[in-house]
Structures are given as C-alpha cells and as structure tokens.
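The values are calculated or read from the model by the stated rules, or taken from the named source; none is laboratory data. No experiment lies behind these values; they were computed from the predicted model shown. Positions of Cβ are generated from backbone atoms using ideal geometry, with glycine treated the same way; all protein chains shown enter the neighbour counts.
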Amino acid sequence: MKDKHGKALTGGEIFEKTLRRIESICVEFLTFLLMLVGYIPSHVLRRFFYRIAGVSIGRGSAIHMGAKFYDTQRITIGRDTLIGEGCILDGRDRLVIGDHVDIASEVMLYNAEHDVHDPEFGAISGHIIIEDYVFIGPRAIILPGVTVGEGAVVGAGAVVTKDVPAYTIVGGVPAKKIADRKAKDLNYRLGRARWFR
C-alpha cells in the first residue's frame, strides 16, 4: 500500500491510517445525524441531542432548525443566545459564542479552510470568538482566527476576515467599519425562541 505521494507504507503506518479513516467516518456519521436532528421541530429535543454530541449550550439559548455542525467538541454557546435557521457552526477549532448573542439565519462560522498558497492545499484553522451582545446579520460569513468584540454588529452578507472591535458596526466583502454602535451599556435579554423554528 502507498500514500498519496507514492511512498510505500509500513504495517504500522497502514494501521494508523486505517484507524484515522475509521475515526473520520465516525465523525462524518455524527455530522450527518446532527443534520437530521436539526429538523426536529422542538428546541428542547434539539438542544438535548446537541449537548449529548458535546456542544456546551448555556441556559436559555436556542438553536433554530436546520443548523449544521462540524466537530461539536470545541463549540461553546453562552446564555440567552439565539442561533438562526440554517447556520453552520464549525468546531474543527475552538468556537466560542458569548451571552445574549443574536445570530441571524444562514450565518456561516467557519474556523477551518484550505491554504490556497500551500502546494498540498492543506487545511489551516483558527478559533472564532463571538463576545457578548453581538448581532450577526443574515448570511454573514466569519472566517478562521476572528474575534468579534462585545456589542459589535456584523451586517447581512458581510465576510469577516479580521477582528471586529467592540461596539463597531461592519459590513461588506471583505467587512469594513461602517459606524460605531451608539449604545454601549447593553443589558437586554433576547427572550424565548419561536416554537417551530
């Protein structure tokens, strides 16, 4: 047996490669099951299964239907946080979402990607940290290594490639500062999620 470069593999290398493949298949199967769980029309049941899969979810938080997860073990979601329909939550590196965060529908939080400058097209990753009281508009994309500061707002459809300072409003591709958020003493609660979303 040979590797992708044509080098012959030893028995130990073949065994390790087989174990990695089995582990990969198990992770892919769990990802598939969680995708199915995402269509159960009950926040309580979805949250139950997501917690069993390793997602840390704070009190009063809800994940709406159709969410997709990658590698749940490194995902932490704070209290009173709402995650909209069809969001992608990537846990291949650390993903931390704070308290009272409102993430709209179809937001993509990707913390791993391919290195387009690498001749092997290898993967690179970096944490994503979303601090308290952040609002992320629909279909925004947050890329690896980004921290979105407390109270910041990310506009709909924005692609965030760099850190967003606290209380800053950003938008566009790539995201750039549009304004500062006027309210700085935030203390709101998002309230309950809608039942059938």
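Here are the numbers for this structure:
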| quantity | calculated |
| --- | --- |
| Per-region count, segment 50-73, residues surrounded by fewer than 20 Cβ atoms within 10 Å (Cβ to Cβ), within 17 Å of the chain's Cα centre (by Cα) and either farther than 24 Å from residue 139 by Cβ or small (Gly, Ala, Ser) (or both) | 7 |
| Looking only at segment 35-49, and only at residues there that are touching a strand residue (DSSP E or B) at 6+ places or on another chain (Cβ under 8 Å) and either exposed (fewer than 13 other Cβ atoms within 10 Å of the Cβ) or touching a residue at least 24 places away in the same chain (Cβ under 8 Å) (or both), the one that is nearest to residue 77 (Cα to Cα) | 43 |
| All positions within segment 81-92 that are in contact (Cβ under 8 Å) with a residue 40 or more places away in the chain and surrounded by fewer than 20 Cβ atoms within 10 Å (Cβ to Cβ) | 85 |
| Subset of segment 128-140 [aromatic (Phe, Trp, Tyr) and either assigned to a loop (DSSP other than H, G, I, E, B) or surrounded by fewer than 17 Cβ atoms within 10 Å (Cβ to Cβ) (or both)] | 133 |
| Matching residues in segment 173-184 - criterion: being of a type outside the set (Gly, Ala, Ser) and modelled with pLDDT of 90 or more | 173, 174, 176, 177, 178, 180, 181, 182 |
| Options 153, 173: the member that is in contact with a strand residue (DSSP E or B) (Cβ under 7 Å, 6 or more places away or on another chain), surrounded by fewer than 17 Cβ atoms within 10 Å (Cβ to Cβ) and farther than 24 Å from residue 72 by Cβ | 173 |
| Subset tally (residues that are farther than 17 Å from residue 50 by Cβ and either without any contact (Cβ under 8 Å) to a residue 40 or more places away in the chain or within 9 Å of the chain's Cα centre (by Cα) (or both)) for segment 95-111 | 4 |
| Of residues in segment 1-34 being under 25 Å from residue 52 (Cβ atoms) and touching a strand residue (DSSP E or B) at 6+ places or on another chain (Cβ under 7 Å), the one surrounded by the most Cβ atoms within 10 Å (Cβ to Cβ) | 34 |
| Near pairs, Cβ below 8 angstrom, 6+ apart or cross-chain, from segment 1-21 (within 19 Å of residue 120 (Cβ to Cβ)) to any residue that is of a type in the set (D, E, K, R) and loosely packed, with under 11 Cβ neighbours inside 10 Å | 9/2 |
| Qualifying residue in segment 169-191 (condition: closer than 24 Å to residue 61 by Cα and touching a helix residue (DSSP H, G or I) at 6+ places or on another chain (Cβ under 7 Å)) | no |
| Some residue of segment 108-127 being among the hydrophobic types (A, V, I, L, M, F, W, C), crowded, with 20+ Cβ neighbours inside 10 Å, in contact with a Pro (Cβ under 9 Å, 6 or more places away or on another chain) and over 21 Å from residue 47 (Cβ atoms) | no |
| Lone qualifier among 172, 151 - being over 16 Å from the mean Cα position of the chain (by Cα) and closer than 18 Å to residue 95 by Cα | 151 |
